[in-house]
Each structure stands twice: as C-alpha cells, then as structure tokens.
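The structure appears below as structure tokens.
The values are calculated or read from the model by the stated rules, or taken from the named source; none is laboratory data. On a predicted model such as this, the values are computed, not experimentally measured, just so you know. Note that each Cβ is placed from the backbone with ideal geometry, even for glycine, and that neighbours are counted across all protein chains shown. Just so you know, the surface numbers come from the protein's heavy atoms only, side chains and all, with ligands and any DNA or RNA stripped out. Shrake-Rupley method; radii C 1.70, N 1.55, O 1.52, S 1.80 Å.
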Amino acid sequence: MKTLKNFGLLAGVFALILGTFSSCDPKDPDIIVEDGFYVIGEATGSTALSVDYRMATGNNEADKNNARAGLYEKYVALEANKEFTLLLKEGAVETKYSAVLAEVALNGENEQPNITILKGTLLSGTAATPMKVTTSGLYHIVLDLNTNGDLANPVILVAPVEWGVRGVNGDWSWKKLKASAFNRTTMTFDTTFAEIPSSGIFKFSYGGGWKIQLDDAGSVKVNTNLGLDLVQGAGDIPMPKGTDIHLKLTWKLAGGELSKSYKMEMTGNIIIEDPATFVVGFSGSAFGSNTNAPAEWSDPSGPTLAVYDAANSSVTNQQTKAGKYVYNITNLKMDAAKEFKVRVNGAWIGFDDATIVGETFTKKSDGNFIVGAAATYTNVKFEVTWSGTAATETKVTFTK
C-alpha cells in the first residue's frame with residue numbers, strides 16, 4: 001500500500017534528513033568569543049572577531065574523514081575586491097594568517113571539482129597581507145598549518161562554491177542548482193524534480209567533484225560534498241519517491257561545525273512507501289535449476305521472489321514506515337559459476353552494497369555476485385533496514 005501526502009504537512013517525519021541553523025549575536029556582551037581561527041575583513045562585512053565567522057576543525061577525506069590536526073574549514077560569503085584575512089585567537093594573543101593566492105585549475109582530476117581555485121603558501125604575522133577574490137559569492141576557505149609535517153608547506157585555499165546534486169534518480173553526474181543573489185548572511189540553492197519514480201539516495205556537491213586535495217600525493221583532502229545531516233563527507237541522503245519535489249539547500253552564516261550553516265528542505269507530493277509490499281529477491285543467471293525459474297535478469301518472481309515475514313519484522317515509525325523488514329525464500333537452488341544480484345524495490349544491490357552471511361561468493365568487476373559450487377538453500381533471509389525514504393542496509397543470510 002502507498003499513500004500520497006503533501007510534504008509540507010510532514011515536517012517532523014523527515015527530520016532525520018534536515019539540517020539545523022544556529023547563530024549568535026556577536027554584540028551580546030555575555031557571548032564569549034572562543035579561541036580558534038576566524039575569517040575577518042571588509043569582504044565578509046565583519047572587521048572584528050565574531051562568533052559567526054569561527055572556522056570548523058577540518059576532516060581529512062583521505063584519512064577516513066577523521067579530524068586532522070591543524071586543518072580548518074569554513075563556508076563564507078566574500079564580496080569581490082575587498083580584503084579578508086584569517087585570524088587565530090589564542091587567549092589574548094591574536095595572529096593574522098593569509099597567503100599570496102594564485103589560480104589553480106583542478107579540471108575535475110582525481111574526483112576534484114571542475115573549477116579554478118585560489119591557493120597559496122601560508123603567511124603569518126606582519127607578513128600576512130590581506131587576500132581578495134574578484135567575484136562576489138559563497139566560498140569554501142581551507143587552512144592547513146601542516147601540523148603533521150606531511151605537506152610541502154602550510155597552505156590556504158579558497159574555492160568558489162556553486163552547489164549541485166548527484167545521485168537523484170540514479171544519476172551520479174553533477175546537476176547544478178539555481179543560486180540566489182549574493183548575500184553576506186544567507187543564500188539558497190534549489191531545483192524542482194517533476195518526478196522521483198522510486199526512493200533513492202543523493203548528495204550535495206559543488207563544482208561537480210567530491211573532494212579537493214591539498215598536496216600532489218593526495219594524502220590530505222577536503223570534502224566538497226555534504227551528506228547525511230549535511231555533514232561534509234557523510235553518508236548518502238535519502239530521497240523519497242514523489243512528484244514535483246522542490247529541493248532547497250540554504251546556507252546561513254554560522255560559526256563552528258559546517259553543518260550548522262546548512263539547512264535542507266523538500267516539499268511536494270511525497271509518496272510514503274510501505275516496504276511490506278516491496279518486491280525483494282534475486283535476479284540473475286544463477287537460478288535456472290529451479291522449477292518455474294524466471295528469465296535471466298528479470299524481476300524476482302516464482303522461486304527467486306522472497307515472501308514478507310511480518311512476524312519477524314519491526315516497524316518503528318508507522319507514519320514513515322521506517323523499521324527493519326524481513327523476507328524469506330525457501331528451497332532455492334543456485335547454479336555453479338553463475339551470477340546474480342540482490343533486488344529490493346527495483347534497486348540492484350551488488351557485492352559491495354549487501355552484507356552476506358552463511359555463504360561466500362566472489363565479486364565480478366561489474367559488482368555481480370559469482371556463485372562457487374552449486375548449492376540448495378533451505379532458507380534465504382533478507383533483512384532490509386528502511387529509513388522511511390530509502391533502504392539503508394540490506395543483509396542476506398543463507399542457510400543450507
């Protein structure tokens with residue numbers, strides 16, 4: 001069963017995929033300006049320390065997105081041909097940092113955006129002359145002090161930001177969003193999708209890339225994408241099924257963690273899918289020995305179609321249908337040296353995207369599972385974790 005609802009009425013339902021804002025009034029005398037790095041200067045509209053301009057600790061994408069000592073990031077609006085610097089506050093001591101910025105074309109290499117950034121070696125103290133950009137807009141500022149000594153030099157880079165999406169309707173190419181006019185405190189990026197025929201996943205990225213590397217070896221990289229909870233480099237964001245889906249990403253000036261500056265909204269006709277009705281099972285060439293086996297690579301049916309097991313399933317949210325769903329196939333034969341994929345609600349789930357228990361298969365280059373020896377399984381259990389808009393985990397247990 002599927003129900004159609006207006007997303008505007010479901011504000012709490014999809015809270016798991018919405019970001020939040022936070023900001024403070026720097027003029028409030030009760031607010032303590034913390035130690036850390038700040039962006040200051042006429043280009044920002046703030047010539048003094050402000051909590052909203054504090055940079056976040058940066059994550060190294062090349063090191064499993066772990067926080068990196070001496071790496072700092074911030075998304076900030078900069079006005080063209082006006083000065084800005086970075087300032088480190090350590091108690092009563094304030095030290096300015098900058099760089100002589102030069103253009104570097106990334107050209108989309110090594111999953112980097114196809115953009116031209118500004119980059120330079122770090123300068124500090126009296127040598128830190130102010131920096132400028134030539135076009136007003138939103139920028140991603142990155143500073144690395146080279147605390148670990150693994151870069152050629154401490155570095156600053158300034159990347160222009162035009163947000164887009166990747167993954168909507170299975171299209172992982174980059175689709176640019178429409179940007180609002182330049183504003184120092186808030187800007188929006190949005191688009192409308194006429195139809196999302198099935199639930200899926202996506203991410204926000206700027207410039208068509210996933211990351212920017214700070215060194216030629218690629219040992220230090222910063223994310224150019226926002227994932228789940230609008231955290232840089234996090235997992236995929238669920239995309240619900242529906243029509244006339246308006247997707248809007250809003251940047252708002254805020255200090256600290258990057259996710260505090262972003263909010264996502266989805267409105268339109270959202271279809272709440274019920275996983276109890278999903279077609280779950282296998283497709284492939286490995287099932288010819290079964291009676292009434294479906295044609296190779298057709299949708300699951302007959303012996304390859306799993307049956308929903310309500311007794312062992314648990315629905316944790318009756319509105320979104322989020323929960324863990326169980327399905328079973330009994331007495332299934334698999335043929336030696338043949339191939340298959342797991343299927344859930346139309347999705348093709350390959351070797352790297354499913355957890356397999358009780359059996360060992362090998363991986364083909366296209367992600368298909370390859371069967372070893374022929375076998376008959378008394379039961380194959382599928383456990384699908386459903387977020388309310390997407391399958392976030394698929395586990396398949398084979399029992400002989």
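Can you tell me which condition Asn223 does not meet? The list is (1) within 12 Å of the chain's Cα centre (by Cα); (2) among the polar types (S, T, N, Q); (3) open to solvent by 60 Å² or more (accessible area, probe 1.4 Å), and all the others hold.
All conditions pass for Asn223, except number (3).
Name the pairs: first residue in the stretch 368-384 and assigned to a strand (DSSP E or B), second residue among the aromatic types (Phe, Trp, Tyr), Cβ to Cβ under 7 Å, at least 6 apart or on different chains?
Pairs that qualify, where the first residue is assigned to a strand (DSSP E or B) and the partner is among the aromatic types (Phe, Trp, Tyr), are Phe369/Phe340; Phe369/Phe351; Phe369/Phe361; Ile370/Phe361; Tyr377/Phe398; Val380/Phe398; Phe382/Tyr327; Val384/Tyr325.
Identify the residue in the stretch 310-337 that is touching a residue at least 60 places away in the same chain (Cβ under 8 Å) and open to solvent by less than 70 Å² (accessible area, probe 1.4 Å) and, among all such residues, is nearest to Val380 (Cα to Cα). Steps first, answer last, please.
Step one: list which residues in the stretch 310-337 are touching a residue at least 60 places away in the same chain (Cβ under 8 Å), which gives 317, 319-325.
Add one more test, that the residue is open to solvent by less than 70 Å² (accessible area, probe 1.4 Å), and what stays is 317, 320-323, 325.
Numbers: Asn317: 26, Thr320: 27, Lys321: 23, Ala322: 23, Gly323: 20, Tyr325: 14 Å.
Filtering the stretch 310-337 for residues that are touching a residue at least 60 places away in the same chain (Cβ under 8 Å) and open to solvent by less than 70 Å² (accessible area, probe 1.4 Å), the one nearest to Val380 (Cα to Cα) comes out as Tyr325.
How many residues are crowded, with 22+ Cβ neighbours inside 10 Å and among the hydroxyl-bearing types (Ser, Thr, Tyr) if we restrict to the stretch 196-220?
3
Among the candidates Ala102, Ala69, single out the residue that is within 25 Å of Gln213 (Cβ to Cβ), of a type in the set (A, V, I, L, M) and free of Cβ contacts under 8 Å to residues at least 40 places away in the same chain. If you could, list the steps in order and put the result at the bottom.
Values: Ala69 fails: free of Cβ contacts under 8 Å to residues at least 40 places away in the same chain.
Among Ala102, Ala69, only Ala102 is within 25 Å of Gln213 (Cβ to Cβ), of a type in the set (A, V, I, L, M) and free of Cβ contacts under 8 Å to residues at least 40 places away in the same chain.
It is to be established whether one or more residues within the stretch 358-377 are under 21 Å from Pro275 (Cβ atoms), at pLDDT 95 or above and either among the aromatic types (Phe, Trp, Tyr) or out of contact with any Cys (no Cβ under 6 Å at 6 or more places or on another chain) (or both).
Going residue by residue through the stretch 358-377, those that are under 21 Å from Pro275 (Cβ atoms) are none.
No, that holds for no residue.
If I go through the stretch 196-207 residue by residue, how many of them are assigned to a loop (DSSP other than H, G, I, E, B) and modelled with pLDDT under 95? Please lay out each step first, then the result.
Filtering the stretch 196-207 down to residues assigned to a loop (DSSP other than H, G, I, E, B) leaves 197-199, 207.
Subset that is modelled with pLDDT under 95: 197-199.
Residues in the stretch 196-207 being assigned to a loop (DSSP other than H, G, I, E, B) and modelled with pLDDT under 95: 3 in total.
Do we find that Gly388 is free of Cβ contacts under 8 Å to residues at least 24 places away in the same chain and open to solvent by less than 10 Å² (accessible area, probe 1.4 Å) in this structure?
It is false that Gly388 is free of Cβ contacts under 8 Å to residues at least 24 places away in the same chain and open to solvent by less than 10 Å² (accessible area, probe 1.4 Å).
Take the residues in the stretch 243-291 that are part of a loop (DSSP other than H, G, I, E, B), of a type in the set (A, V, I, L, M, F, W, C) and in contact with a Pro (Cβ under 8 Å, 6 or more places away or on another chain); name whichever of them is most open to solvent (accessible area, probe 1.4 Å).
Of the stretch 243-291, the ones part of a loop (DSSP other than H, G, I, E, B) are 253-257, 273-274, 278-279, 285-291.
If we keep only those that are of a type in the set (A, V, I, L, M, F, W, C) as well, we get 253-254, 278-279, 286-287.
Checking which are in contact with a Pro (Cβ under 8 Å, 6 or more places away or on another chain) leaves us with 279, 287.
Details: Val279: 68, Phe287: 8 Å².
Only one residue tops the list, namely Val279.
Does the stretch 139-147 contain at least one residue that is open to solvent by 10 Å² or more (accessible area, probe 1.4 Å), touching an Asp or Glu at 6+ places or on another chain (Cβ under 6 Å) and within 22 Å of Asn107 (Cβ to Cβ)?
No, because not a single residue in the stretch 139-147 is open to solvent by 10 Å² or more (accessible area, probe 1.4 Å), touching an Asp or Glu at 6+ places or on another chain (Cβ under 6 Å) and within 22 Å of Asn107 (Cβ to Cβ).
Is there a residue in the stretch 181-198 that is of a type in the set (Phe, Trp, Tyr), in contact with a helix residue (DSSP H, G or I) (Cβ under 6 Å, 6 or more places away or on another chain) and over 22 Å from Ala347 (Cβ atoms)?
We begin by selecting, within the stretch 181-198, every residue of a type in the set (Phe, Trp, Tyr); these are 182, 189, 193.
Then drop every residue that is not in contact with a helix residue (DSSP H, G or I) (Cβ under 6 Å, 6 or more places away or on another chain), which leaves none.
So far as the stretch 181-198 goes, no, none of its residues is of a type in the set (Phe, Trp, Tyr), in contact with a helix residue (DSSP H, G or I) (Cβ under 6 Å, 6 or more places away or on another chain) and over 22 Å from Ala347 (Cβ atoms).
Please specify each residue of the stretch 163-173 satisfying the condition of being within 23 Å of Thr392 (Cβ to Cβ) and surrounded by fewer than 22 Cβ atoms within 10 Å (Cβ to Cβ).
First pass over the stretch 163-173, keeping only residues within 23 Å of Thr392 (Cβ to Cβ): 165-172.
Within the stretch 163-173, Arg166, Gly167, Val168, Asn169, Gly170, Asp171, Trp172 qualify.
Find the residue count for the stretch 342-374, including only residues that are closer than 24 Å to Gly200 by Cα and open to solvent by less than 30 Å² (accessible area, probe 1.4 Å).
9
Identify all residues within the stretch 58-90 that are crowded, with 23+ Cβ neighbours inside 10 Å, outside any strand (DSSP E or B) and basic (Lys, Arg); write none if there are none.
none
If I filter the stretch 292-309 down to residues being in a loop (DSSP other than H, G, I, E, B) and among the polar types (S, T, N, Q), which single residue comes out as most open to solvent (accessible area, probe 1.4 Å)? Give the derivation first.
The initial filter retains those residues of the stretch 292-309 that are in a loop (DSSP other than H, G, I, E, B), namely 292-301, 306, 309.
Those still in the list that are among the polar types (S, T, N, Q) too: 292, 298, 301.
On the way: Asn292: 131, Ser298: 38, Ser301: 47 Å².
Per the criteria, the residue is Asn292.
Please go through (1) at pLDDT 95 or above; (2) out of contact with any Phe, Trp or Tyr (no Cβ under 9 Å at 6 or more places or on another chain); (3) not aliphatic (A, V, I, L, M) for Thr277 and return the number of the only condition it doesn't satisfy.
(2)
Check Thr134, Thr188, Thr126, Thr147 and return the single one that is more than 26 Å from Gly218 (Cβ to Cβ) and in a loop (DSSP other than H, G, I, E, B). I'd like the intermediate steps shown before the answer.
Details: Thr188 fails: in a loop (DSSP other than H, G, I, E, B); Thr126 fails: in a loop (DSSP other than H, G, I, E, B); Thr147 fails: more than 26 Å from Gly218 (Cβ to Cβ).
The unique qualifying residue is Thr134.
Pick from the stretch 91-112 the residues that are more than 28 Å from the chain's Cα centre (by Cα) and of a type outside the set (A, V, I, L, M): which of them is surrounded by the fewest Cβ atoms within 10 Å (Cβ to Cβ)? Walk me through how you get there before you give the answer.
Kept after step one, since they are more than 28 Å from the chain's Cα centre (by Cα), are these residues of the stretch 91-112: 91-102.
Now restrict to residues that are of a type outside the set (A, V, I, L, M): 91, 94-98.
On the way: Gly91: 6, Glu94: 12, Thr95: 13, Lys96: 18, Tyr97: 21, Ser98: 22.
Within the stretch 91-112, the match that is surrounded by the fewest Cβ atoms within 10 Å (Cβ to Cβ) is Gly91.
Output yes when any residue across the stretch 174-194 is buried (at least 20 other Cβ atoms within 10 Å of the Cβ) and of a type in the set (S, T, N, Q), and no when none is.
No, the conditions are met nowhere in the stretch 174-194.
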